[in-house]
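See below for the structure under consideration.
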Amino acid sequence: QGEMSKALTLGRVEIVVETHQALRRAVVTKKGEIRISSSMSVKTIISSISGLRVAARKNVQKEGDMMKRTNEIVSMLRYEFGLVKIKKSDLSTVSNENYLDCLTSIIKSNPEVKRRMKESLAGQSLQVIGSGHSCHLGDDGSILIPWDWH
C-alpha cells in the first residue's frame with residue numbers, strides 16, 4: 001500500500017526500451033524519460049525504475065517549467081516584434097535550453113538592437129537553429145538565427 005501511494009504521488013514516467021547495445025544500465029534523460037536496455041532482467045528493470053523515478057519526475061517538472069517560460073517569452077516576442085511564428089529547428093541540434101537562452105537574449109537586447117530587429121522581423125517567421133550558422137533565410141522564407149547569435 002505504501003509503495004502504491006508513493007507511485008501515485010510521483011505520477012507517471014516514460015520508459016524507453018533501447019537495444020541491448022545502446023545501454024548497459026538504466027539512465028534518466030533531461031526530459032525525464034527512463035531509458036532501459038532490452039537485455040535487462042525484470043528484477044533489474046524494476047529496481048532501476050524504483051531508483052530513478054524520483055529523478056525522472058524532477059526532470060519532467062523542470063522541463064515543464066522551462067517550456068512554460070519558453071511559451072511566455074514566445075508570446076512576448078510575437079507581440080513586441082510582430083512575428084507570425086517562432087519555432088526551434090526540427091533537428092535535435094537545438095536543445096530546449098538553447099532555445100530558451102536564444103529567446104531570452106532577444107528579449108534582453110538593448111533598445112537600439114531591438115529597434116533594428118523590429119524593422120526586419122515584423123510579419124516574418126523566426127526559426128532558431130544550431131550553433132555555427134549565420135543568420136539566413138530558410139527554404140520556407142523563415143528567418144533562421146543560430147541559438148547563440150548574441
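List of remarks:
- For residue 79 and residue 107, the difference between the fully extended length at 0.36 nm per residue and the C-alpha to C-alpha distance is 8.9 nm.
- Cβ-Cβ FRET estimate between residue 116 and residue 58, R0 fixed at 41 Å, reported to 0.05: 0.50
- For the chain, a Gaussian network of Cα nodes joined below 10 Å ranks 100, 83, 23 by mean-square fluctuation, and the top entry is 23.
- Working note: 222 nm ellipticity from helices only, DSSP H runs with n ≥ 4, each -39,500 (n - 2.57), summed and divided by the residues of the chain, gives -16500 deg cm²/dmol to the nearest 500.
- Computed extension length for residue 21-residue 47: 7.3 nm, one decimal, from 0.36 nm per residue of separation with the Cα-Cα distance subtracted.
- A 1.4 Å probe run over the chain, with the rest of the protein chains in place, finds 65 Å² accessible per residue.
- Loop trypsin sites (Lys or Arg not before Pro), the stretch 37-114 (other Cβ atoms within 10 Å of the site Cβ: 16 or fewer; DSSP): 108
The values are calculated or read from the model by the stated rules, or taken from the named source; none is laboratory data. Remember, predicted model here, so these are calculated numbers, not experimental data. We place every Cβ from the backbone using ideal geometry, glycine too, and count neighbours over all the protein chains shown. The protein model used for the area step is the full one, side chains on, heavy atoms only, and it has no ligands, DNA or RNA in it. Shrake-Rupley method; radii C 1.70, N 1.55, O 1.52, S 1.80 Å.
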